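Everything on this sheet refers to the single structure shown next.
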Number of protein chains: 2
Amino acid sequence: MLADVQKALDAFGEREINRVFFVGCGGSSSIMYASKYVMDRESTSLASDLYSSNEFIHRNPRQLGPESLVILCSHYGKTPETVEAASFAREKGALTVSLTFDPDAPLAKASEYVIIYEDGKQGGTFANEAPAIMLELVLGLLSSKEGNTKLDELLPSLENLRGIIDGEKAKSLAAAKAFAEAYQDDKVIYTMGSGANYGIAYWFSICLLMEMQWIHSHALHAGEYFHGPFEILDEQVPVIQLVGLDETRPLEERSLEFTQRYGKRIIVIDAKEFDLEGVAPSLRGYLAPLVMQAVLRQYAEELATARNHPLTTRRYMWKVAY
Amino acid sequence: MLADVQKALDAFGEREINRVFFVGCGGSSSIMYASKYVMDRESTSLASDLYSSNEFIHRNPRQLGPESLVILCSHYGKTPETVEAASFAREKGALTVSLTFDPDAPLAKASEYVIIYEDGKQGGTFANEAPAIMLELVLGLLSSKEGNTKLDELLPSLENLRGIIDGEKAKSLAAAKAFAEAYQDDKVIYTMGSGANYGIAYWFSICLLMEMQWIHSHALHAGEYFHGPFEILDEQVPVIQLVGLDETRPLEERSLEFTQRYGKRIIVIDAKEFDLEGVAPSLRGYLAPLVMQAVLRQYAEELATARNHPLTTRRYMWKVAY
């Protein structure tokens, strides 16, 4: 565990906390959906909410105050709304803990506690990457406030994650290339998931497909699917179905059964196929999305190559005023 | 106020409640987003969460228990996941209050308190329709538990809502017809909103466009927009921009400015144009989505006519097993 994470956990022990807010934008927000899921499943006493940074500021939740913990994330630490959210929360007396890749970024300056994470490009332990740190913070908080013991299982599991991810990426490379070949001309690609996975479906839709590939998308919730969205399905519509290992797996299995029955272009990423031997059984549902994200990223990389549309292509982001 | 609503409010007074869960599917869930918004803005002590019914059951939030209030909604009262969610919550000792149109429906039997709402087809007060009742329940709860006084302003405002809605529908009919004419051949139409409006954007995307018109859609969050989805915008992409009166209006104004700068097919529904004279100023942000929903419904009706695809057309819903 990074020393920065330990410092934040020490602060949790010293402060009264009755409520947690997960605050970020886009990809940085998407990794927090699993955190909210863990809070709901595990916490016996703490309330939690997840908001996009600007919604958080303007919604201005009435219960935000000195007994709130606000966890924020921004990769470059420059996202203006997230920096402002940190200042806003701090002015309200909340304990702020921010994750960023850049120690000199505005977000690092705006927050009481800062955790500088790694982006994995140098290899090394996955425990030092943002999605893993989010779980350390959440289970660390629950350890401190409620005696939850899952942090003890989390730490060794995280140490095994790099190897697991590398293995699953190697195993799925051919499938990723086949996906890219088959779907490179599609204008609309849906993703679907539930529970701890929903954030990954959301991330793939809005960041990888819409932002980086200019492909129309929507992250369908596997439960809501049957109350409207499923009517869009026909034999031409592509759906990337995530199937995880958390308690909502039956929702994803049900939507998968349906999409496979009436659709013809269904891509399945099932965490049951992952070799999670090195992850504590009680944590597999919470950690599967981290592996899924890496596998899906490779799908996007192959798609970008096939379409000759690099993932770095932008028309507005960082280029025009907004 | 309906006698059934008063009975539920009386029960709120008699029970210990520390947490509220808003539970439903599709359209019935979408009207609860404004309820969650009101809870966040107004409540000084109660936690609240909103879940699709099956996610609620399988996620099985650890804090669901005797001090929980679970508010559920299903129009026909037969949605299996919502009926099961009511039984599930009741077994956990939670106070269950369900809204349905049908007093003999399974949901009515499964719930401790039942509110039979009207669907407005007979005219009459809008106060007896589900979105209005949701606000009565939320502000009634906050009156009972925290001394919030907005319920007193809500009741006369609701009495004026039918007239307001009829007026706004008449005012926007020509725009609805023009929308239908211009967008009838589009394959993808986005909606966008934030705060109290987001549920309406979600409803229009998943129920009206995807379910009832088989048009691809996604409810964009006006804040998240700039962290991924905006890259999809070009001069061909249609976006229905909702602009409300709640505290997150600046987010919607910002996304509107951007979509109008780079897009050419932007449809704007701005609550500032509504004549809300009869609504208490302190409640206009919370009630604007109810008017917006009626106005948008008329847009969908005109679209259905122009496309010769009735809103009742289905290929799977109520027709096949799922």
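The values are calculated or read from the model by the stated rules, or taken from the named source; none is laboratory data. Since the model is a prediction, treat every value here as computed from it, not as a measurement. Neighbour counts run over all protein chains shown; Cβ positions are idealised from the backbone, glycine included. Quick note on the areas: whole protein, heavy atoms, side chains included, nothing else; ligands and nucleic acids left out. Shrake-Rupley method; radii C 1.70, N 1.55, O 1.52, S 1.80 Å.
Taken per residue, the accessible surface of region B:1-93 reaches 33 Å², heavy atoms only and a 1.4 Å probe.
Across peptide A:189-196, the average count of Cβ atoms from other chains found within 10 Å of a residue's Cβ is 1. Computed with a 1.4 angstrom probe on protein heavy atoms, the A-B interface buries about 6200 square angstrom of accessible area in total.
Max-minus-min Cα coordinates of chain A on each principal axis give 56, 47, 42 Å, with the largest extent listed first. Of B:THR82, A:THR125, the order by accessible heavy-atom surface (1.4 Å probe, DNA, RNA and ligands excluded), from most exposed downward, is A:THR125, B:THR82. If you wrap the tightest convex hull around every Cα atom of region B:3-157 and split its volume per residue, you get 98 Å³. Quick check on chain A: helices-only [θ] at 222 nm, where DSSP H runs of length 4 and up contribute -39,500 (n - 2.57) each and the sum goes over total residues. Nearest 500, please. Calculated from helices alone, the mean residue ellipticity at 222 nm is -14000 deg cm²/dmol.
Legend: helices of chain B (whole DSSP H runs) are marked when their alpha-carbon atoms reach 27 angstrom or more along the helix axis and their mean Kyte-Doolittle hydropathy is at least -0.5; marked are B:161-183, B:284-307. Taking the protein heavy atoms of region A:209-249 in the context of the full set of protein chains, the accessible area attributed to carbon and sulfur is 49 percent at 1.4 Å. Here the 3J(HN,Hα) profile of region B:271-278, calculated from phi with Karplus coefficients 6.51, -1.76 and 1.60 at θ = phi - 60°, is 5, 4, 7, 6, 8, 9, 3, x Hz, Gly and Pro shown as x.
In the context of the full set of protein chains, residues of region B:165-307 present 31 Å² of accessible surface per residue (probe radius 1.4 Å, heavy atoms only). Per-residue shielding of A:59-69, expressed as the average number of other chain Cβ atoms within 10 Å of the residue Cβ, stands at 4. Contact residues in region A:242-278 (at least 40 Å² less accessible area with all protein chains than alone, 1.4 Å probe): A:LEU251, A:ARG254, A:TYR262. When the alpha-carbon atoms of the protein assembly as shown are used, the pair Rg, Dmax equals 23.4, 67 angstrom. Straight Cα distances below 26 angstrom link B:LYS272 to the lysines B:LYS36, B:LYS150, B:LYS169, B:LYS171, B:LYS177, B:LYS264, with same-chain residues fewer than 8 positions distant left out. Rolling a 1.4 Å probe over the protein heavy atoms of region A:30-92, with every protein chain left in place, gives an accessible area that is 46 percent carbon and sulfur.
For region A:1-65, the set of GluC sites (Glu not before Pro) satisfying both a DSSP loop assignment and a count of at most 10 other C-beta atoms within 10 Å is given as A:GLU16. For region B:177-308, the direction-averaged projected area of the alpha-carbon convex hull comes to 7.4 nm². Give the residue list of GluC sites (Glu not before Pro) in region B:232-322 that are DSSP loop and have at most 14 other beta-carbon atoms within 10 angstrom. Answer by residue number: B:GLU235, B:GLU277.
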